[in-house]
Amino acid sequence: MSKLPFKMIDADQHFYETDDCFTRHLPRKWIDEGRAIQVVRREGEATGRVMFGDRKVTYYGAAPTHSTGQPGAMLEYYKSGGHGSKGWFAQGMITADDLPESRNRNTRLKYLDEDNIEAAIMLPSLEIGAEWLLSSDPEALGANLTSYNMWLEEDWGFGADGRLFAAPCLALENPEWACHELDRVLERGARLIHLRAGPVRGNLSPADPRFDPFWSRVNEAGVTVCYHLANTGEAEYYGALWGESHTRPLHRWTPFMRATCFGDRAIGDTLMALITHNLFGRFPNIQVFVLEYGSEWVLPMIRKMDRAARMSGKEDWAFGNIGERPREVFKRHIKVSPFPEDDIDGLVKALGATCVLGGSDWPHPEGVHLPSDLVDHLPELTDEELRLIMRDNTGRALGLVTPAPAVAA
């Protein structure tokens, strides 16, 4: 029996990539020049390492396809009291092949049917850890992401079936390529795109007007921009300032690194840049989804941004005065998917259900055991609020028809 009186539309699901996801469509020259993301196995090893040429992508100890946690592992770790000498990530490691639904499109569709899920946004596992290293070589970044997006459409699709909506990956470090690739994936039917949070090239706001040709296309197309938790380089450009090693794999980060370099800083600063640098004033149709960053940072960030705006004169804004409280811009343009353990009730009361997304993060270990289990972590909501969070907010971005299909009792 369904936990909901309608079919869920999940804002955050994942696939585990094949080893050739970056190279299947990549011209040979990039591999020969050592400018390709590859999964490399040493002789006799079952697990592979993610490499950019001869440089290891240290964000991963092993390729996530070959070693990952079980769905819902983090919540189970919390329930057990959060004790363990090796941390939560060591609680029952598996390979992606243990979850065939994470590897194959048709198997995934059957899984969604069994869990009464109509559709899902599909996001990377390997790519989100490797892209930061690529950003040091903008030409290679463009070539690798174009190849990756071709693999993505081939294996998972951009939503032509109305079920699985994969988000092609773009980056502003190479703006001419970004415009060209955006045009290409839009022509192929993409309804979403994914961008990595953080400054562009380490010294530019993504809302800098020099990137307006890209944002103008996004605005005109009505495509939703997704920012998903990823390796945003904070370990390298911030953690290292405090004597922390930026080469430790994620599962071995110190408490200081987890608190300062894993999420809140990059996404909070990115959203503040988009708002206070007046991106939405120039391009009022742009909508942003924030996925797997949780929500505990959202309200403090909004209060801080509102306070800073009140302290600033009309001429103090970098790219034009936005003319209203930043929180009002946030509420019109940004939607956030909270973690199951977050104060979802407080988020809904402060911003309204129209700003909240239901994202299961399945099959990643930080999410829930089954996608539909997410409803068990929601506070008491009105029928309208429940429907907005678990279906309509995401469904509208995907162009799906409402009302929802009825679910058999």
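The values are calculated or read from the model by the stated rules, or taken from the named source; none is laboratory data. Computed from a predicted model, the values in this text were never measured in an experiment. Neighbour counts run over all protein chains shown; Cβ positions are idealised from the backbone, glycine included.
Taking every residue in the range 371-391 that is more than 19 Å from residue 76 (Cβ to Cβ) and pairing it with any residue that is among the basic types (Lys, Arg), at least 6 positions away or on another chain, the pairs with Cβ-Cβ distances below 8 Å are 391/7. Here is a check on your reading of the model: is residue 133 at pLDDT below 95, of a type outside the set (D, E, K, R) and under 21 Å from the mean Cα position of the chain (by Cα)? Against the criterion (at pLDDT below 95, of a type outside the set (D, E, K, R) and under 21 Å from the mean Cα position of the chain (by Cα)), residue 133 qualifies.
Go through the range 369-387 residue by residue and tally those that are charged (D, E, K, R) and surrounded by 15 or more Cβ atoms within 10 Å (Cβ to Cβ). First the steps, then the outcome.
Just the residues of the range 369-387 that are charged (D, E, K, R), to begin with: 373, 376, 380, 383-385, 387.
So of that shortlist, the ones also surrounded by 15 or more Cβ atoms within 10 Å (Cβ to Cβ) come out as 373, 385, 387.
The qualifying residues number 3.
Residues in the range 26-42: is at least one closer than 24 Å to residue 248 by Cα, in contact with a Phe, Trp or Tyr (Cβ under 6 Å, 6 or more places away or on another chain) and in a loop (DSSP other than H, G, I, E, B)?
First, pick out the residues of the range 26-42 that are closer than 24 Å to residue 248 by Cα: 34-42.
In the following step, the residues that additionally are in contact with a Phe, Trp or Tyr (Cβ under 6 Å, 6 or more places away or on another chain) were identified as 36-37.
Retained after the next criterion (residues that are in a loop (DSSP other than H, G, I, E, B)): 36.
Yes - at least one qualifying residue is present in the range 26-42.
Residue 289 fulfils the conditions (1) outside any loop (DSSP other than H, G, I, E, B); (2) more than 26 Å from residue 232 (Cα to Cα); (3) touching an Asp or Glu at 6+ places or on another chain (Cβ under 9 Å) except for a single criterion, (2).
Are any of the residues in the range 133-150 surrounded by fewer than 22 Cβ atoms within 10 Å (Cβ to Cβ), within 16 Å of residue 64 (Cβ to Cβ) and touching a Ser or Thr at 6+ places or on another chain (Cβ under 8 Å)? The answer is no, given that none of the residues of the range 133-150 is surrounded by fewer than 22 Cβ atoms within 10 Å (Cβ to Cβ), within 16 Å of residue 64 (Cβ to Cβ) and touching a Ser or Thr at 6+ places or on another chain (Cβ under 8 Å).
Looking only at residues of the range 66-88 that are modelled with pLDDT of 60 or more and part of a loop (DSSP other than H, G, I, E, B), we find that the one that is surrounded by the fewest Cβ atoms within 10 Å (Cβ to Cβ) is 81. Within the range 247-298, the set of residues being surrounded by fewer than 17 Cβ atoms within 10 Å (Cβ to Cβ) and either free of Cβ contacts under 8 Å to residues at least 24 places away in the same chain or of a type outside the set (D, E, K, R) (or both) comprises 247, 249, 254, 255, 256, 258, 259, 284, 285.
Residues of the range 179-218 being part of a helix (DSSP H, G or I) and closer than 17 Å to residue 273 by Cβ, which ones? Correct list: 209, 210, 211, 212, 214, 215, 218.
Just wondering, is there one or more residues in the range 223-235 that are over 19 Å from residue 141 (Cα atoms), touching a Lys or Arg at 6+ places or on another chain (Cβ under 7 Å), assigned to a loop (DSSP other than H, G, I, E, B) and of a type in the set (A, V, I, L, M)? For the range 223-235, residues over 19 Å from residue 141 (Cα atoms), touching a Lys or Arg at 6+ places or on another chain (Cβ under 7 Å), assigned to a loop (DSSP other than H, G, I, E, B) and of a type in the set (A, V, I, L, M): present.
Which one is farthest from the chain's Cα centre (by Cα), of the residues in the range 376-409 that are at pLDDT 95 or above and β-branched (Val, Ile, Thr)? Once the filter is applied, the top-ranked residue is 382.
The residues of the range 228-261 that are of a type outside the set (D, E, K, R), modelled with pLDDT of 80 or more and within 18 Å of the chain's Cα centre (by Cα), listed by number, are 228, 229, 230, 231, 232, 233.
Within the bounds of the range 263-277, is there any residue that is in a loop (DSSP other than H, G, I, E, B), under 23 Å from the mean Cα position of the chain (by Cα) and either modelled with pLDDT of 95 or more or aliphatic (A, V, I, L, M) (or both)?
Going through the range 263-277, the residues in a loop (DSSP other than H, G, I, E, B) turn out to be 263, 277.
Filter once more, keeping what is under 23 Å from the mean Cα position of the chain (by Cα): 263, 277.
Next, only the ones that are either modelled with pLDDT of 95 or more or aliphatic (A, V, I, L, M) (or both) stay: 277.
Yes, because at least one residue in the range 263-277 is in a loop (DSSP other than H, G, I, E, B), under 23 Å from the mean Cα position of the chain (by Cα) and either modelled with pLDDT of 95 or more or aliphatic (A, V, I, L, M) (or both).
Only residues that are surrounded by fewer than 20 Cβ atoms within 10 Å (Cβ to Cβ) and within 18 Å of the chain's Cα centre (by Cα) were counted across the range 157-172, and they come to 1.
Quickly run through the range 292-317 and pick out the residues that are within 19 Å of residue 333 (Cα to Cα) and part of a loop (DSSP other than H, G, I, E, B).
At the first step, the residues of the range 292-317 found to be within 19 Å of residue 333 (Cα to Cα) are 292-306, 309.
The answer is 292, 293, 294, 295, 296, 297.
Might you check whether a residue that is of a type in the set (Ser, Thr, Tyr), at pLDDT 85 or above and not in a helix (DSSP H, G or I) occurs anywhere in the range 89-109? Yes, there is a match, as at least one residue in the range 89-109 is of a type in the set (Ser, Thr, Tyr), at pLDDT 85 or above and not in a helix (DSSP H, G or I). Here residue 324 does not qualify as free of Cβ contacts under 8 Å to residues at least 12 places away in the same chain and either outside any loop (DSSP other than H, G, I, E, B) or among the hydrophobic types (A, V, I, L, M, F, W, C) (or both).
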